[in-house]
Structures are given as C-alpha cells and as structure tokens.
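None of the figures in this text is laboratory data; all of them are computed from the coordinates on show. Predicted model, so just to flag it, every value in this text is computed and none were measured. Cβ placement follows ideal geometry from the backbone for every residue including glycine, while neighbour counts extend to all protein chains displayed.
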Amino acid sequence: MLATPGGKPFDNEEWIFEIKWDGYRAIADLSDGLQFYSRNGLSYLGKYSMIMIESGLRKQPEKMVLDGEIVAYNRQGIPDFQLLQHSGEQPAPPLFITFSICFF
C-alpha cells in the first residue's frame, strides 16, 4: 500500500493517470457490521463520523470491503492534506474516495 519511487515521470497515450488524492488511506469493512480503519488498524469511526461515512456505509446492502482514501478538498476543488489535518476548518466535509472493492 505504500508508494515507492519510480523512474523519471513520463506521458503516454496508452496510459491513464489519476490525481494524487493526498489524504489518509482507509479500509471500510462491511463484511460483518461496519469497521472503518487505517492501514495500521486504528479505528476512524469516531474521528470521521462528522463526514457521514458511518451512515453512508451502513446503508450498503452488500457485504464488502472497500479500500480508499479520506480526502478533503480546498476551495479550488483540489485535495488538500493540510486541510484534512485540521478537519474543523475545511469548506466542505472530507469524502471517502474508494478505489478498490471486494464483494463477499
């Protein structure tokens, strides 16, 4: 899950690139209730309850595990890690961006 340095940056029409989310990596485990935690196993349920992650994830009817990132956007619509660290100061609540889902 950790990024490692690569070679020189490149551009190629055959590749699709995505933005760097610049947030906290998180796992949402809906296989038996709801667990929402960091890569190190620390619970995010209390810390990020204000962003409605818990209520939105609890509504999912399927048993699944989602891998993603908690991201806060600044006023220009760009992910901003500093803003995420000061969660009470952002213009909009952080979001859980999911990039991998495993269904059971």
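At 7 Å along Cα-to-Cβ for each site, give me the label-to-label distance between residue 14 and residue 81 in nm.
3.2 nm
With unit charges on the beta carbons (Lys and Arg positive, Asp and Glu negative) and the dipole taken about the Cα centre of the chain, which residue among 5, 48, 97 sits farthest to the positive side?
Sorting the options by dipole projection puts first 48.
Given Cα pairs under 8 Å that are at least 6 residues apart, what percent is the relative contact order of the chain? All intermediate terms of the calculation are to be shown ahead of the outcome.
Numbers: 155 pairs, mean separation 27.5, N = 104.
Over the chain, the number comes to 26 percent.
Given (i) 1.19; (ii) 0.93; (iii) 2.88 as candidate values of Cα Rg over 2.2 N^0.38 Å, which corresponds to the one derived from the coordinates?
Correct label is (i).
May I ask you to order 3-13, 39-49, 62-72, 94-104 by the average number of other C-beta atoms within 10 Å around their residues, highest value first?
Most protected by this proxy first, the peptides run 62-72, 94-104, 39-49, 3-13.
Just how large is the dipole of the chain about the Cα centre, in debye to the nearest 20, putting +1 at every Lys and Arg Cβ and -1 at every Asp and Glu Cβ? Mind dumping the intermediate values first?
Details: 9 positive and 13 negative charges, 69 e Å.
For this selection, approximately 340 debye.
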